[in-house]
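The values are calculated or read from the model by the stated rules, or taken from the named source; none is laboratory data. Note that this is a predicted model, so its numbers are computed, not measured. Neighbour counts run over all protein chains shown; Cβ positions are idealised from the backbone, glycine included.
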Amino acid sequence: MSSWTLPLVEICSAGAGRVWIDQCLALPQWSPKAQYRTRYAALQSTLDELDRRLTEGQDCHLCVLTPDAIRSLQSRWPHRIEWLGSLGQADTGWVAAAGDGQAYCVETVEALRQSLISLDVLLVPDLQQSSGGRHLQRVLDELAIPPSDMPAVESFAGGAQAVAALSAHAGQRVMACAQSTEVQTAPHAHYLGAFPAPYALSTEYAVAAIRSHPDNQDSETQTAWSVACDLGRYLCSPSQQAMRSALGFACVS
């Protein structure tokens with residue numbers, strides 16, 4: 001089948017799903033089946049985008065969100081959102097540049113506080129739109145670090161972008177906040193560990209398929225729906241757990 005006759009499958013995902021989705025789309029069992037258009041953003045931004053598309057009758061065939069976010073879509077669009085399964089849990093944690101000889105301890109609350117005070121720069125995901133960013137903001141509020149002791153804070157759309165920015169701060173004391181799935185394939189970065197108790201945060205991500213508007217049911221739409229469902233089930237299949245674990249997704253306890 002030539003590329004211009006392939007159905008277009010639209011995918012909207014929270015940033016935690018980016019690497020796993022991109023890896024799967026590059027596999028020979030999926031790349032010939034459709035054209036894929038992916039949109040990765042912070043959790044709330046992704047949910048807002050899906051609400052907009054559903055309201056306006058625009059297509060999105062597959063999404064990766066938290067279970068609560070998927071349930072919120074199902075409550076509004078009960079006949080269009082189909083739960084396919086869970087990818088697992090991603091920890092929110094701390095990242096340093098690979099090869100940075102500085103010591104950054106994050107194992108206890110006091111150690112984390114001292115590490116933050118010692119930084120020149122702190123790279124963070126969006127503190128309002130991303131789940132990791134909102135969590136970080138709550139922790140920073142509770143740590144109550146005086147403004148004079150806070151490092152310069154640079155905000156990005158998501159944790160993956162914050163991790164990518166580490167390479168721009170060579171020679172500085174710098175950490176990034178990101179989810180475990182946003183670090184594993186970044187060779188320039190080193191995952192230090194999750195937030196210490198009582199601030200540990202593990203977020204489950206799940207996959208749902210989205211039916212097109214009832215007025216749009218031509219053969220290409222049906223094919224796109226079929227491919228999206230098959231791909232979504234593959235993304236969260238138990239047979240792929242080892243691959244997901246290698247990317248930072250832990251089994252849901």
(request) From the list Ser167, Ser219, Ser212, Ser245, pick out the single residue that is surrounded by fewer than 17 Cβ atoms within 10 Å (Cβ to Cβ), small (Gly, Ala, Ser) and farther than 30 Å from Gly99 by Cβ. (result) Ser219
(request) Sort through Asp149, Asp141, Asp126, Asp120 and tell me the only one that's of a type outside the set (A, V, I, L, M), in contact with a Pro (Cβ under 9 Å, 6 or more places away or on another chain) and on the phi < 0 side of the Ramachandran plot. (result) Asp120
(message) Against the condition assigned by TED's automatic domain parsing to the domain that holds Ser180, modelled with pLDDT under 95 and in contact with a helix residue (DSSP H, G or I) (Cβ under 8 Å, 6 or more places away or on another chain), how does Ala97 come out, does it pass?
(response) yes
(request) Report yes if Asp100 is among the acidic types (Asp, Glu) and not in a strand (DSSP E or B), otherwise no. (result) yes
(request) Only residues that are outside any helix (DSSP H, G or I), of a type in the set (A, V, I, L, M, F, W, C) and modelled with pLDDT of 95 or more: list them for the stretch 204-248, please. (result) Ala206, Val207, Ala208, Ala209, Ile210, Cys236
(request) Being within 30 Å of Leu140 (Cα to Cα) and either in contact with a helix residue (DSSP H, G or I) (Cβ under 8 Å, 6 or more places away or on another chain) or not assigned by TED's automatic domain parsing to the domain that holds Ile11 (or both) narrows it down to one of Val252, Val207, so name that one. (result) Val252
(message) I'd like the full set of residues that are out of contact with any strand residue (DSSP E or B) (no Cβ under 7 Å at 6 or more places or on another chain) and either assigned to a strand (DSSP E or B) or modelled with pLDDT of 95 or more (or both), limited to the stretch 157-196.
(response) Arg173, Pro196
(message) So, in the stretch 114-159, exactly how many residues are touching a residue at least 12 places away in the same chain (Cβ under 8 Å), charged (D, E, K, R) and under 23 Å from Val19 (Cβ atoms)?
(response) 2
(request) Six or more apart or on different chains, Cβ under 7 Å: which pairs go from a residue in the stretch 74-90 that's at positive phi to one that's in a loop (DSSP other than H, G, I, E, B)? Could you list them? (result) Gly85/Cys236; Gly88/Phe249; Gly88/Cys251; Gly88/Val252
(request) Kindly indicate whether Ala206 is of a type outside the set (Lys, Arg) and either closer than 21 Å to Cys60 by Cβ or out of contact with any strand residue (DSSP E or B) (no Cβ under 6 Å at 6 or more places or on another chain) (or both). (result) yes
(request) Could you pull out the residue among Ala103, Ala111 that is of a type outside the set (Val, Ile, Thr), surrounded by fewer than 20 Cβ atoms within 10 Å (Cβ to Cβ) and touching a residue at least 40 places away in the same chain (Cβ under 8 Å)? (result) Ala111
(message) If I ask for residues that are part of a strand (DSSP E or B) and among the aliphatic types (A, V, I, L, M), which ones from the stretch 103-138 would you list?
(response) Val121, Leu122, Leu123, Val124
